[in-house]
1. Rounded to the nearest 20 debye, what is the charge dipole size of region 13-128 about its Cα centre when +1 sits on each Lys and Arg Cβ and -1 on each Asp and Glu Cβ?
2. Which angle between 0 and 90 degrees, to the nearest 10, do you get for helix 92-106 versus the longest principal axis of the chain when only C-alpha atoms count?
3. How much of the accessible area of region 129-337, probe 1.4 Å, is carbon plus sulfur, in whole percent?
4. Under the rule a/c < 1.5 gives rounded, and otherwise a/b versus b/c splits prolate from oblate, where does region 129-337 land using the Cα gyration tensor?
5. Give the shape of region 185-226 as rounded, prolate or oblate, defined through the alpha-carbon gyration tensor: a ≥ b ≥ c are the square roots of its eigenvalues, a/c under 1.5 means rounded, and otherwise the shape is prolate if a/b is larger than b/c and oblate if not.
6. For helix 111-137, what angle does its Cα long axis make with the longest principal axis of the chain, in degrees from 0 to 90 and rounded to 10?
7. What residues have an amide H closer than 5 Å to that of GLU280, excluding those fewer than 5 places away on the same chain, when H is modeled at 1.01 Å from N in the peptide plane?
8. Taking loop as defined by DSSP and a crowding limit of 13 other beta carbons within 10 Å, which chymotrypsin sites (Phe, Trp or Tyr not before Pro) in region 245-338 fit?
Amino acid sequence: MTSAPEINAVQPIAWLGDRLRLLDQRLLPLQESYIDCRNAAEVAEAIHGMAVRGAPAIGIAAAYGLVLAVRQDRNAFEEAERVLAASRPTAVNLRWALARLRGLWQRGADAAALEVEARRIHEEDLAQNLLMGELGAALLPQHARVITHCNTGALATGGHGTALGVIRTAYAQGKIAQVYNTETRPWLQGARLTAWELMREGIPTKLIADGAAAHLMRIERIDWVIVGADRIAANGDTANKIGTYMLAVAARRHGAKFMVVAPSGTFDLDCADGESIPIEERSAEELTEFRGQQIAPSGMQAFNPVFDVTPAELIDAIVCERGVIEHPTAGRVTALLR
Ligand code: MRU
């Protein structure tokens, strides 16, 4: 681990030519500390261990990981691709980014060309987020009151964010009256990361326990629930952080609209619907312990799925850089992505 480099803005992923520098998101907001990865195995470990997280960010990191591998050994491509692809199963952006490099590699590209492509994936993500920010903000009313879940901001992407990018853009347009961000158990991406990003920019936000969302929607007006995605199936069913489905059910019950914001690299047309999206399950200790401290009885068993699937019928709009899909169906998804 190295001390923090001199930077002004949040820069969770920095390509330094011979290594990948990652802001260790496990330690935020209490500590800004960086990890340098010098090979694909170290990148895969940083992804699996949640030092870097968020679907677009892990896609970007994996692409750089593959570049590190082939720079060291031309024959390392397949093994590095396998190790990186296995690091987290649900976010399809990871496989999508690796597939972009594979396509070039199979056409005879060298390590330098792969590096250019990895940088392009990184830069494109920021540009797409800025576009989605405009498209999503246009759907919000004045004085909007919104709920967001997990962290979908600059930390989770190449910059600006997806769902949080919409909130950022809408705030800059003077449209946001109040944000509520969930804690997002068990890793607390909301309490630690979203709160940190929003507070740095003075965007009015209040932290809520995950279980408080339905109560909040019942007692106060919430216009939109705005979330990101880890994988969107061909019919619009969307996998995102555990608890998203619960928010969508509560939103429909209370008349709040539900928006998913994700770039085209998050769609997986090979998954006909949400049933075929693999859902990552992580260790029981993530629930029975907190930062190494036991909180449940010894020997307690746990079920720890870290994503869930929200059916398309509960989604009012999917915002992608190519446009907005209202009330998603297979036909509308195909029409936008074709
Ligand atoms: O487990 P995480 O923190 O990687 O989960 C992140 C999410 O679920 C995000 O909502 C999703 O990846 C979109 S990030 C722009």
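1. Here region 13-128 has a charge dipole of around 220 debye.
2. Between helix and principal axis, roughly 30 degrees.
3. Carbon with sulfur: 53 percent of the solvent-accessible area.
4. oblate
5. Oblate is the answer for region 185-226, as a/c is 1.5 or above yet b/c matches or exceeds a/b.
6. It works out to around 10 degrees.
7. The list, which skips near neighbours in sequence, is THR90, VAL306, PHE307.
8. PHE303
The values are calculated or read from the model by the stated rules, or taken from the named source; none is laboratory data. Remember, predicted model here, so these are calculated numbers, not experimental data. When we count neighbours, we look across all protein chains shown, and the Cβ atoms used for this are built from the backbone with ideal geometry, even at glycine. To get the accessible areas, we keep the full protein, side chains included, count just its heavy atoms, and leave off ligands, DNA and RNA. Shrake-Rupley method; radii C 1.70, N 1.55, O 1.52, S 1.80 Å.
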